[in-house]
Each structure stands twice: as C-alpha cells, then as structure tokens.
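Student: Encoded as structure tokens, here's the structure I'll be asking about.
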Amino acid sequence: MKRCTLILLISFQCLHATDVLFMEDFSGNLLQNWTMFGDPQPRILDSLGIPPPCFNNNGDSMGGSGVISREIFEIANGLGVECDMYLSCENRGTWVTAGLYFITPDYINDRSHSGYVISALAFSYSGEMDWTHPHLQGVLYLNCIPNHDDRFSVQLYHQNELLDGWHRYRLEIDEHRMVNYFIDDSLYCTSTVSIPDTLEHVRLQLGNRSSSWGIALHDNLIVYRP
C-alpha cells in the first residue's frame, strides 16, 4: 500500500460560510454525532489525519461502510458541506472510495431500500481488478438525484492528480437549489437538475466501499449556511 502523505492545515475553518451549523474533526466519540453502518464497521485512525485523528470508512469490496449524521439539517435557502478526503490504492486494486453525500432523513445505508441519496461527491479508484471497467484509475462521481425519476450524473475518469494526497471536497446547495461541486475551491460543475422545495431536510453520509488494496480517509468536516 502506498504511504500516506500528511498535509497540515493552517486552520480548521470554512471560508465560504456565513453560518457554521456543525463541525467534526473525529477527535471525540464517533457515536455521539454519527450512526455507523456496514460490516466491517468504520473506525477512527489515531495515526493519520490533518492533523490526526481522522475517519476511515473501512468498508469491504461488495458493500460500503460509513456513518450517517444523527443531526438533520434544513436546506432552507442553501446548505453546504465540505470535508478533507484522502484516497490511495495500489495500481492493480479497485473498489476504494471516499464519499461525501446529502441523503434523505430516512436513509439507512447503501443496502437499504428506505430513502435515497440526494447528492454525492465521491472519488474512487478503478484498476485492473475492476473486471467491469478496468483502468479508469481515479474516478470522480458527481450526482444529484432529486427523485427516483430525475437525475444528474457525471463521471470524470483518470483524475489521478487527486490520488495520494489530501484534498478539500465541497457540496453546496445554492439559493436556486442547484448543487455545486468543488474540489480545492475549484468549481467542477453545477447540477442541471434542482432539489425540489418539497424536500426540506437532509442528513449527511460519509464513506463507501474499500478493500485491502487501499485506504479512504475523511477529516475536518464542516456543515454551513452559504
């Protein structure tokens, strides 16, 4: 497995927020703010992070593991979440994903039929072991699914500059209820569908699949009102 390169942040602060609603640096009891799902369950790593500790989704190659926020957040006139994420995987490996998601309040986990993902910004590695689509390497997934019949979905392949280093990922629902996708303060795209007014609240989810080939880490999460 490749060595994790640590980068120290000057400050744990969201520069885009007018109102910070929630912060998490994973230094406390994980169960205080989050509900865990998956087998194996996610865990805290005391040796890695910016600064340590950090969250490791610790999933398997078939079904993801992760956490869902206990707190429910109102979308109102806009809502944002940002998080530092790190992904590393051996060249032959696959099925290692770091992800940041807005989900419906009744969503249980990725194997459940209750609720669904509203918007996702996820980064995955697809190598030789992915027999369906090998050699796509670093793959970005940018999704917005306001209902089961309408969706915005973009997949960007060979985003290998995002591997083996910490990067800041941000999902932001604007005043028009469109979703903006940022990485390291660069706007990658804006959804072409909007979240309906009938959906007033969301929870957060971190984590997805992993394998023995690599590691997916999350740290310094902030939820804010733009």
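The values are calculated or read from the model by the stated rules, or taken from the named source; none is laboratory data. Source: prediction; values computed, not measured. With ideal geometry, Cβ positions are generated from the backbone for all residues, glycine too; neighbour counts draw on all protein chains shown.
Student: Of all residues being touching a helix residue (DSSP H, G or I) at 6+ places or on another chain (Cβ under 9 Å) and surrounded by fewer than 18 Cβ atoms within 10 Å (Cβ to Cβ) in region 37-63, which is farthest from Met129 (Cα to Cα)? Just the residue, please.
Tutor: Ile44
Student: Name every residue in region 144-165 that is within 14 Å of Ser124 (Cα to Cα) and either touching a residue at least 24 places away in the same chain (Cβ under 8 Å) or part of a loop (DSSP other than H, G, I, E, B) (or both), in order of residue number.
Tutor: Val154, Leu156, Tyr157, His158, Gln159, Leu162, Leu163, Asp164, Gly165
Student: So, of the residues in region 64-87 that are over 12 Å from the mean Cα position of the chain (by Cα) and either hydrophobic (A, V, I, L, M, F, W, C) or under 20 Å from Pro51 (Cα atoms) (or both), which turns out to be surrounded by the most Cβ atoms within 10 Å (Cβ to Cβ)?
Tutor: Among those that are over 12 Å from the mean Cα position of the chain (by Cα) and either hydrophobic (A, V, I, L, M, F, W, C) or under 20 Å from Pro51 (Cα atoms) (or both), it is Leu79.
Student: How many residues does region 162-174 contain that are surrounded by fewer than 16 Cβ atoms within 10 Å (Cβ to Cβ) and within 11 Å of Gly80 (Cα to Cα)?
Tutor: 0
Student: Collect the residues in region 88-117 that are buried (at least 24 other Cβ atoms within 10 Å of the Cβ) and modelled with pLDDT of 85 or more, keeping them in residue-number order.
Tutor: Cys89, Val96, Thr97, Ala98, Gly99, Leu100, Tyr101, Phe102
Student: Residues in region 137-158 that are within 27 Å of Gly49 (Cα to Cα) and surrounded by 17 or more Cβ atoms within 10 Å (Cβ to Cβ): how many?
Tutor: Going through region 137-158 one residue at a time, the tally reaches 7.
Student: Looking at the structure I just gave you, is Trp131 assigned to a strand (DSSP E or B), farther than 25 Å from Thr198 by Cα and modelled with pLDDT under 90?
Tutor: Considered against the rule, which asks whether it is assigned to a strand (DSSP E or B), farther than 25 Å from Thr198 by Cα and modelled with pLDDT under 90, Trp131 comes out as no.
Student: Quick check: is even one residue across region 49-65 in contact (Cβ under 8 Å) with a residue 12 or more places away in the chain, among the acidic types (Asp, Glu) and in contact with a strand residue (DSSP E or B) (Cβ under 8 Å, 6 or more places away or on another chain)?
Tutor: No - not one qualifying residue is present in region 49-65.
Student: Is one or more of the residues making up region 213-222 of a type in the set (S, T, N, Q), outside any loop (DSSP other than H, G, I, E, B) and crowded, with 20+ Cβ neighbours inside 10 Å?
Tutor: Scanning region 213-222, I find at least one residue that is of a type in the set (S, T, N, Q), outside any loop (DSSP other than H, G, I, E, B) and crowded, with 20+ Cβ neighbours inside 10 Å, so the answer is yes.
Student: If you go through region 178-204 one residue at a time, how many are touching a residue at least 60 places away in the same chain (Cβ under 8 Å) and under 14 Å from Asn143 (Cα atoms)?
Tutor: Residues meeting the conditions: 5.
Student: Here's another thing I want to ask about it. Under 6 Å between Cβ atoms, at least 6 apart or on separate chains: pull out the pairs that start in region 14-42 with a residue that is at pLDDT below 90 and end on any residue that is among the charged types (D, E, K, R) and surrounded by fewer than 18 Cβ atoms within 10 Å (Cβ to Cβ).
Tutor: These pairs meet every condition: Thr18/Arg225.
Student: Scan region 169-184 and tell me whether some residue there is in a helix (DSSP H, G or I) and modelled with pLDDT of 95 or more.
Tutor: no
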